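Inspection log for the structure reproduced underneath, given as structure tokens.
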Amino acid sequence: MTAKKIIPKVLIVAFIIGFGVLCAFTGDVTSPVGTLWSLFPPVVAIGLALLTKEVYSSLFIGILAGGLLATKFNPIHTVGAVVNDGFISAVSGSAGIFIFLVILGIIVALLNKAGGSQAFGRWAAAHVKGKFGATIVTFLFGILIFIDDYFNCLTVGAVMRPVTDKAKISRSKLAYIIDATAAPVCMIAPISSWAAAVSSYAPDGQGIKLFCQAIPYNFYSLLTFVFVIAIGIMNFDYGSMKLHELNAENGDLFTSGSDDIAKEEELPATSKGRVIDLILPIIFLIGVCVFSLFYVGRCMGEEWVFDYKNYDASLSFIDAFSNTDATVGLPWGGLIALIGIIIYFVARRLMSVKEAMACIPKGFIAMVPAILILTMATTLKNTTSLLDSDTFVQNLLSSAGSLQNFLPAIIFIVACLIAFATGTSWGTFGILIPIVISIFPVGSELGIIGMSACLAGAVCGDHCSPISDTTIMASAGAQCNHINHVSTQLPYAITVAAISFVAYIIAGFINNWLIVLPIAIVLTVATLFVIKLITNKKTA
């Protein structure tokens, strides 16, 4: 590790220790719980990751900072907080998602071994022309997989990597396109794991209704789609993404951080694979996962505990989705789909049972980096939650209650910051939705705009954060260095966030999405034209 990477970490650790010593000598051991200090650990982790381009030790230092602050610098209690409340809770709480990740990794290995991915790549090379074509196909594929963001990231990445590689699109750009469709499309799809999460925080019986009413005002999600299409049509990039795209044109798809990825050798693929051998397994996987989420939704008890004995056939499809748990439903669907796909490939004589079994450890190994980062990111969230950041946010928003027309824009920014610092959209929903509902009159247009601002801000912060599970999954799906993905994506996400902020200011005074959304779309395109002109002048 170079001095450039070590020095920031040493300074942060020294600051944490110095803060503890200061508290000890001054006698000021006031708890940081519910104060601005509650956001200190994730800010430390994110800042270090962006400065040093090294994510594991950065996350660990953030975890350590959270444990120290939560226990008032008691070393024994800190170990307990980090291990028990942090790591153990993270692994047990995310076990279902880990299983789903491994299953998807195995399915990707099977698709490659069967030759389906290669056949699709050959088809795309003949029918998808140029960068714009590959960008739009990737974007449309991402839009179609709206059921869950994890599923979206890994499936789109696995299918489209050969296509974008041949089109000389950098892995960072692929990761951005994946990330730009994963969470945003789930955030405007009433039948998705995200809609279910939002519904669980809303008043009884109003979840799906509020979610649907909020869709036209979800400016960040909608404008992100406009941004991806517009930047593809205008054929330019800016910020650090421009360097990555220039390098991709010269044959370097990674720019940096490709060592581990380049060492991964795929199992030799059969030449008998066809495009249908990619499409059918994916359709089957989607169908089974949708059914599993629906079934689990009908089996969830009153205390959000899954039990097949609780199956309630009276629940409608929408109600079941509102009641489902993706951490249970997706592993169920993934396992059933995995068995079916193995049987299909063996029956098609594309591989033997022994060859199919060889894909299991291969798929697991491919997902190890994502699982490690996700574990540490979840641990950071757990230690941060010990500091009760939601109390600080509630007090902050209460003090801004007199600015009714500006509140949607304020809520958007607050949601962005919380999701960025904690790396979780769903946690941000849990903090802000009850506050938003208490601030605005129930059913009012301004209340719907406030709800949309909360959801859009959560997606935006999640999109930007290096400790977000969706961002981690996008890196895994594109097989891109994680910090490269974050650093290249930030300028694009911040551009859309700034335009969305302006849109929420306008919406606070003009409570009509039919007027505000077209204005926001025009602002997005106009902003890109200005950025392109500035970029061209700098390179001229």
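Nothing in this text is a laboratory measurement; each read-out follows from the coordinates by a stated rule. What you see is a predicted model, and the numbers here were worked out from it, not measured in a lab. Every residue, glycine among them, receives a Cβ derived from its backbone with ideal geometry; neighbour counts consider all protein chains shown.
So here's what we get for this one:
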| quantity | calculated |
| --- | --- |
| Too-long pairs where the Cα-Cα distance tops 30 Å, listed order kept, from Lys309/Lys354; Lys168/Lys272; Lys168/Lys532; Lys381/Lys538; Lys129/Lys532 | Lys309/Lys354; Lys381/Lys538 |
| Amide H contacts under 5 Å for Phe306, placed H, 5+ residues apart | Gly301 |
| Burial ranking of peptide ranges 480-486, 233-239 (average Cβ count within 10 Å, highest at the top) | 480-486, 233-239 |
| Region 443-487 and region 335-353: distance between their alpha carbon centers, rounded to Å | 35 Å |
